Amino acid sequence: MELKTGYKQTEVGVIPNDWEVKELGEVAFLKRGKFTPRPRNNPIFYGGDIPFVQTGDVTNSNGKIMEYTQTLNEGGLAVSALFKKGTILMTIAANIGYTGILQIDMACPDSLVAIDGLEKIDNVFLNYYFSFKRQELDNLSTSGTQKNLNIELLKPFKILLPPTFAEQTAIATTLSDTDQYITHLEKLIAKKRNIKQGAMQELLRAKEGWVVKKLTDVVDYIHGKAHERDIVEDGKYIVVNSKFISTDGEVIKSSNVNNCPARRNDILTVLSDLPNGKALAKCYYVVEDNIFAVNQRICIWRTKGAKPKFLFYLLNRNQYFLALDDGLSQTHILNHHIEKCQIAIPKSLDEQTRIATILSDMDSEITTLETKLSKAQSIKQGMMQQLLTGKIRLI
């Protein structure tokens with residue numbers, strides 16, 4: 001294949017002529033954290049003023065390490081390591097290759113390696129490069145009871161470097177700006193979800209003009225039927241099981257057989273879940289006929305006159321059903337539980353519609369933001385592919 005003008009073939013792929021392939025050990029200082037004595041409540045080592053960051057703090061850091069699990073005193077620091085703000089920490093045990101940049105001085109254990117770029121190496125650029133190559137870092141690890149990575153395996157790891165510090169910084173800044181936008185969207189989505197939760201508590205609270213009815217007076221309930229033997233790779237119907245509902249329809253199995261068809265405006269509910277699970281009594285609202293085959297351990301609520309979208313919000317993770325979970329054993333919502341359930345609903349269908357519309361509008365806004373977030377995350381991945389390999393230059 002003919003190379004594009006200004007590019008060259010290297011052992012790690014095609015890169016610009018003025019870029020270099022360097023080993024990590026050539027461009028950065030690497031030092032492993034130190035083991036800290038147990039037990040963790042030992043006052044000789046713990047409970048001081050020195051932040052002590054651990055593996056989980058790095059894997060959950062989104063690139064910037066601000067949180068820390070423990071604190072050390074000077075006795076603990078004597079057997080640990082203190083690293084300066086701006087240093088990269090990388091996980092080298094269990095979850096391999098996750099990185100983050102320290103936002104303050106911190107100590108760390110031997111499950112982390114500290115990496116600090118030498119002269120003319122931008123640590124933020126280096127951190128993004130590690131994120132881009134995390135799978136390759138994971139592939140370097142040794143197998144055994146637990147996967148591990150060490151400094152000797154890390155030193156030969158190949159780094160693609162632009163010729164100037166300025167270009168490294170320009171790449172890092174562009175990706176940082178994208179991360180800021182992603183973080184903004186994540187915070188906005190969290191805020192909107194909290195607002196919706198508060199609105200639901202107020203709007204679905206029984207008020208004057210509401211009536212208490214048995215659930216079975218408001219809906220018919222139909223138990224799903226087994227479809228496991230009829231699962232195919234690309235079937236005509238989507239099989240609704242607990243995984244489908246708990247992931248809001250993202251995890252799909254299909255079948256060409258439909259032993260229990262759902263109708264438009266049906267509410268599908270999970271009847272069985274593990275202790276403290278997130279799926280029990282979670283609902284899915286059906287918007288189209290002839291799409292879904294309802295599996296066993298899923299129930300159809302089919303309205304007898306109340307507004308179905310209002311019932312969806314009222315019944316989704318309803319506290320009556322959640323209270324059946326004792327946190328010790330698998331919970332099953334049985335017929336007698338359904339028969340005893342009572343709900344409060346507005347007498348007015350118009351009021352039911354107004355409540356459902358308000359909450360639906362909130363859901364639509366959240367969905368729009370989630371779509372933007374997903375697109376921004378995809379764009380960032382594409383940017384990393386282009387910027388960190390020199391396909392697009394920022395000079």
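The values are calculated or read from the model by the stated rules, or taken from the named source; none is laboratory data. These figures come from a predicted structure and were not determined experimentally. Positions of Cβ are backbone-derived with ideal geometry, glycine not excepted, and every protein chain shown enters the neighbour counts. Heavy atoms of the whole protein, side chains included, go into the accessibility calculation; ligands, DNA and RNA do not. Shrake-Rupley method; radii C 1.70, N 1.55, O 1.52, S 1.80 Å.
Would you check which residues across the range 112-121 are touching a residue at least 60 places away in the same chain (Cβ under 8 Å), open to solvent by 60 Å² or more (accessible area, probe 1.4 Å) and assigned to a loop (DSSP other than H, G, I, E, B) and list them? Answer for the range 112-121, where residues must be touching a residue at least 60 places away in the same chain (Cβ under 8 Å), open to solvent by 60 Å² or more (accessible area, probe 1.4 Å) and assigned to a loop (DSSP other than H, G, I, E, B): just 118. Here 192, 207 are screened, and the one residue that is within 28 Å of residue 320 (Cβ to Cβ), touching a Leu at 6+ places or on another chain (Cβ under 9 Å) and open to solvent by 50 Å² or more (accessible area, probe 1.4 Å) is 192.
Looking only at the range 90-111, count every residue that is open to solvent by 10 Å² or more (accessible area, probe 1.4 Å), part of a strand (DSSP E or B) and within 11 Å of residue 33 (Cβ to Cβ) and tell me the total. Give the derivation first.
If we filter the range 90-111 for residues that are open to solvent by 10 Å² or more (accessible area, probe 1.4 Å), which is where we start, we get 93-95, 98-99, 101, 103-105, 109-111.
Right, trim to part of a strand (DSSP E or B) and you get 93, 99, 101.
This time we only want the ones that are within 11 Å of residue 33 (Cβ to Cβ), so: 93.
Qualifying residue count for the region: 1.
Identify all residues within the range 232-278 that are of a type in the set (D, E, K, R), at pLDDT 95 or above and within 15 Å of residue 316 (Cβ to Cβ); write none if there are none. 266, 273 - these are the residues of the range 232-278 that are of a type in the set (D, E, K, R), at pLDDT 95 or above and within 15 Å of residue 316 (Cβ to Cβ). Where helices (runs of 4 or more DSSP H) fall entirely within the range 24-78, those with at least 1 residues that are out of contact with any Asp or Glu (no Cβ under 6 Å at 6 or more places or on another chain), open to solvent by 100 Å² or more (accessible area, probe 1.4 Å) and modelled with pLDDT of 90 or more are at 24-27. Note on the range 330-373: residues that are touching a Leu at 6+ places or on another chain (Cβ under 9 Å) and among the hydroxyl-bearing types (Ser, Thr, Tyr) amount to 1. Please enumerate the residues belonging to the range 304-359 that are under 17 Å from residue 275 (Cα atoms), not small (Gly, Ala, Ser) and not in a helix (DSSP H, G or I). Correct list: 317, 318, 324, 325, 326, 328, 330, 331, 332, 333, 334. Scanning the range 275-303 for residues that are part of a strand (DSSP E or B), more than 11 Å from residue 264 (Cα to Cα) and under 27 Å from the mean Cα position of the chain (by Cα) yields a count of 3. Just one of the numbered conditions (1) at pLDDT below 95; (2) under 28 Å from the mean Cα position of the chain (by Cα) is not true of residue 228: (2).
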